[in-house]
Ligand code: PGA
């Protein structure tokens, strides 16, 4: 049966790589993409701000999209060190990750802040990859579904649609740890997300909106995760830094 949604394979490079590393990695992905007729997936890479422009040049025309890892909610102004969605659009970005758990934890980003950022992204006609996910303590306490529901409701931009939002479910305890929930646990959360999206946006829009899984997705577990009915791709950290691994994950989308 064909997939209801085209999978999105998103690489979150985090704070890794100097200019030459980013350009090399991008070049390797472009070469892999060139050898592949009709890929069954969309691909986006989200490099650190410092290398976005050069990676953008390296992937131009390849079919690989450019993204960023964060942005400020405002368009411009006195926000030292921050970068706006309009600046990212100016560099050719089409996607912006917002509300990654490392931003929520390290920078105190609340759902309200994440929502404001997502609205800035959407208003620039870019796609927001909105991240949500429970901590280990929340899962152990049996609160996973409530936490995910609340984060989703609080973080989605007002005018969310399948064209401008991708949701990424990333259990905090699975990020960078090599641990993942079971396939059934992942599907349970993704089904809940889709049901809540249907309540908020209508069944048709929810059926089109992509919900990614993130947290220790690797070549050896990607196939099973990507085969789950409500998993429409991956947000990949560590394994996105090696072109071979990232490509192997993408090729796991059947
Ligand atoms: P990981 O990171 O793949 O290294 O676990 C995922 C993420 O933080 O987006």
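Within the group 215, 237, 202, which residue is within 15 Å of the ligand (Cβ to nearest atom) and on the phi > 0 side of the Ramachandran plot?
Residue meeting the stated conditions: 215.
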Review point. Of the residues that make up the stretch 134-142, is at least one within 16 Å of the ligand (Cβ to nearest atom), at pLDDT 95 or above, out of contact with any strand residue (DSSP E or B) (no Cβ under 9 Å at 6 or more places or on another chain) and closer than 19 Å to residue 231 by Cβ?
Key: yes
Review point. Which of the residues that make up the stretch 225-234 are more than 9 Å from the ligand (Cβ to nearest atom) and either part of a loop (DSSP other than H, G, I, E, B) or farther than 12 Å from residue 180 by Cα (or both)?
Key: 226, 227, 228, 229, 230, 231, 232, 233
Exercise for review: Output the residue which, of all residues in the stretch 84-116 that are farther than 17 Å from residue 135 by Cα and within 16 Å of the ligand (Cβ to nearest atom), is surrounded by the fewest Cβ atoms within 10 Å (Cβ to Cβ).
Suggested key: 95
**Study point:** Per-region count, the stretch 155-188, residues in contact with a strand residue (DSSP E or B) (Cβ under 9 Å, 6 or more places away or on another chain) and not in a loop (DSSP other than H, G, I, E, B)
**Key:** 8
Exercise for review: Output yes when any residue across the stretch 170-187 is more than 17 Å from residue 136 (Cα to Cα), crowded, with 17+ Cβ neighbours inside 10 Å, more than 10 Å from the ligand (Cβ to nearest atom) and at pLDDT 95 or above, and no when none is.
Suggested key: yes
Exercise for review: Go through 150, 162 for me and flag whichever is modelled with pLDDT of 95 or more and more than 18 Å from the chain's Cα centre (by Cα).
Suggested key: 150
Check your understanding: Do the conditions hold for residue 249, that is, is it within 11 Å of the ligand (Cβ to nearest atom), outside any loop (DSSP other than H, G, I, E, B), under 24 Å from residue 68 (Cβ atoms) and over 14 Å from the mean Cα position of the chain (by Cα)?
Key -> yes
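The values are calculated or read from the model by the stated rules, or taken from the named source; none is laboratory data. No experiment lies behind these values; they were computed from the predicted model shown. A quick note on method: Cβ atoms are made from the backbone with ideal geometry, for glycine too, and the neighbour counts reach across all protein chains shown.
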